[in-house]
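A quick write-up on the structure given underneath.
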Amino acid sequence: MSVITQAKTPVEPSNEEVATAHRQGGHVRTIGRGIAYVLLLIAALAALVMIVVPMATGSQTYTVLTNSMAPKYAPGTFLVVKPAPFAELQVGDIITYQIESGKPGVVSHRITAVTTEQSGARVLTTKGDNNSLADADPVQEPQVKGKLLYAVPYVGFAANAVGQGRAIILPTIAVGLIGFGALSMIRGAVEKKRTKRPARHAARHGQ
């Protein structure tokens, strides 16, 4: 006695199911492209603020470590300090200056007075916004590193974490993020073109 088994015909997905799957895949790809755009924007802004502008303006970067300029310039604030003619500095400017002339330690405080010593030398009186008293010693021209160009809250923590190698590491990270974002956008554009063809094909068969 022979047994005959009927072969099962594979059930193909309907055009509606295919279209739904393509729509869902499209949503995922859209989200992925959105994330890539955000990463690219963050990387571009970080590179601009922390690398490009300081280099283009000949500025130096510093990180606020104390509360002397709080709350506006709290610890962790990233400062970009641009060289400025000593004669043009005036009351209200925030300057970064060496605590002792020729030594690496610096302070960023606001100018509260401009005076002239008996020798005729121009000197500056400075004070931290959060300090009750002015700095003990007047600031002379050789001590001044520059005038505050702009400040970015919290970014200084990341710069400090990188340490002395940030001149090399930060540009590398920024370039890496920009490259990742650009690659993600290119890949998303290619996938979008690929998925449009099956979707149009499914739509034509559904008519």
task = Classify the range 84-142 as rounded, prolate or oblate, taking a ≥ b ≥ c as the square roots of the eigenvalues of its Cα gyration tensor: rounded when a/c is under 1.5, otherwise prolate if a/b is larger than b/c and oblate if not.
result = rounded
request  = Kindly flag which residue pairs out of Lys103/Lys127; Lys72/Lys103; Lys82/Lys145 have an alpha-carbon separation exceeding 18 Å in this structure.
outcome  = Lys103/Lys127; Lys72/Lys103
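Please give the contour-minus-distance gain from Glu117 to Ile186: 0.36 nm per residue of separation, less the Cα-Cα distance, rounded to one decimal in nm.
Contour length minus the Cα-Cα distance gives 18.5 nm.
List the trypsin sites (Lys or Arg not before Pro) within the range 20-128 that DSSP assigns to loop and that have no more than 15 neighbouring Cβ atoms inside 10 Å.
In loop regions of the range 20-128 (DSSP not H, G, I, E or B), the sparsely surrounded trypsin sites (Lys or Arg not before Pro) are Lys72.
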request  = For Met50, Met69, give the ranking by accessible area with the largest first, probe 1.4 Å.
outcome  = Met50, Met69
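The values are calculated or read from the model by the stated rules, or taken from the named source; none is laboratory data. Everything quoted here is computed from the prediction, not taken from an experiment. As a convention, Cβ positions derive from the backbone with ideal geometry for all residues, glycine included, and neighbour counts pool all protein chains shown. What goes into the accessible areas is simple: the full protein's heavy atoms, side chains included, and nothing from ligands, DNA or RNA. Shrake-Rupley method; radii C 1.70, N 1.55, O 1.52, S 1.80 Å.
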